[in-house]
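This report refers to the structure that appears directly beneath it.
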Amino acid sequence: HFKKTMHTIEETNMFGQRLAGLLQPGDLITMEGDLGAGKTTLTKAIGAGLGVTRTINSPTFTIIKEYEGRLPLYHMDVYRLENSDEDIGFEEYFSGEGVTIVEWAQFIDDYLPKDRLELTLKHDGEARTITLQPVGERYEKLCKELTK
Ligand code: ADP
Ligand code: MG
């Protein structure tokens, strides 16, 4: 795995935009980390990098929101599914033409494809540490590019 520390929001924004530049149709990014760890902030940066022009807000209540961009973005926050095994049609998103980002991904582990880029976010004051764990060949390649 790889670790990256971002000391400011600007650094988080730059990292998200760089990551976005490497994304392809069908990619999946999972995010784990406490409330306030920076999952939504990083998603906004990735969205900007994907060319999303609409404002990206946390889909806490709707669970999923779709945005148009260079690639579509499917942004999920599955926090509310913690103690449920409800399938809200995940598979259609994972097999779609867009990029899927899942906040609190551990709560829908049973529905997630094995291959994915797993991000774990931690906060410490203003700093944010992101651990990147690529699962599968596609994401190993992506991480090598990203950490070049
Ligand atoms: P989560 O989605 O994980 O609950 P949010 O992205 O909604 O977290 O909230 C992160 C908060 O931390 C935001 O208010 C953001 O402005 C703040 N923040 C401070 N420093 C950073 C940083 N370096 N990277 C990302 N967010 C930061
Ligand atoms: Mg969030």
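Where a number appears in this text, it was derived from the coordinates with a stated rule and is not lab data. All values derive from a computational prediction rather than experimental measurement. Glycine gets a Cβ as well: all are built from the backbone with ideal geometry, and neighbour counts include every protein chain shown.
One chain, two ends: THR147 and GLU11. Fully extended at 0.36 nm per residue, the span grows by 47.5 nm beyond their Cα-Cα distance.
Here the translational diffusion coefficient of the chain follows from Stokes-Einstein with Rh set to the Kirkwood radius across Cα pairs; for 25 °C and 0.890 mPa s it amounts to 162 µm²/s. Across the chain, the mean sequence separation of Cα contacts (distance under 8 Å, 6 or more residues apart), normalised by length, yields a relative contact order of 33 percent.
Given +1 at the Cβ of Lys and Arg, -1 at the Cβ of Asp and Glu and no other charges, the dipole of the stretch 17-120 around its Cα centre is 680 debye to the nearest 20. When the helices of the chain are scored as -39500 (n - 2.57) per DSSP H run of n ≥ 4 and the total is divided over every residue, the value at 222 nm lands at -7500 deg cm²/dmol. Spin-label pair ARG18-GLU140: with each label point 7 Å from Cα along the Cα-Cβ axis, the two points sit 2.2 nm from one another. Toward the positive end of the charge dipole of the chain, with +1 on the Cβ of Lys and Arg and -1 on the Cβ of Asp and Glu, the farthest Cα among GLY125, VAL135, GLN106 is that of GLY125.
If one computes the Cα centroid of the stretch 24-38 and of the stretch 51-112, what distance in Å separates the two points? Each part reduced to its Cα centre gives a spacing of 9 Å.
Computed packing ranks the peptides 47-56, 95-104 as 95-104, 47-56, most packed first, by mean other Cβ atoms within 10 Å. Within the stretch 2-146, DSSP assigns beta bridges of which about 60% are antiparallel (rounded to the nearest 5).
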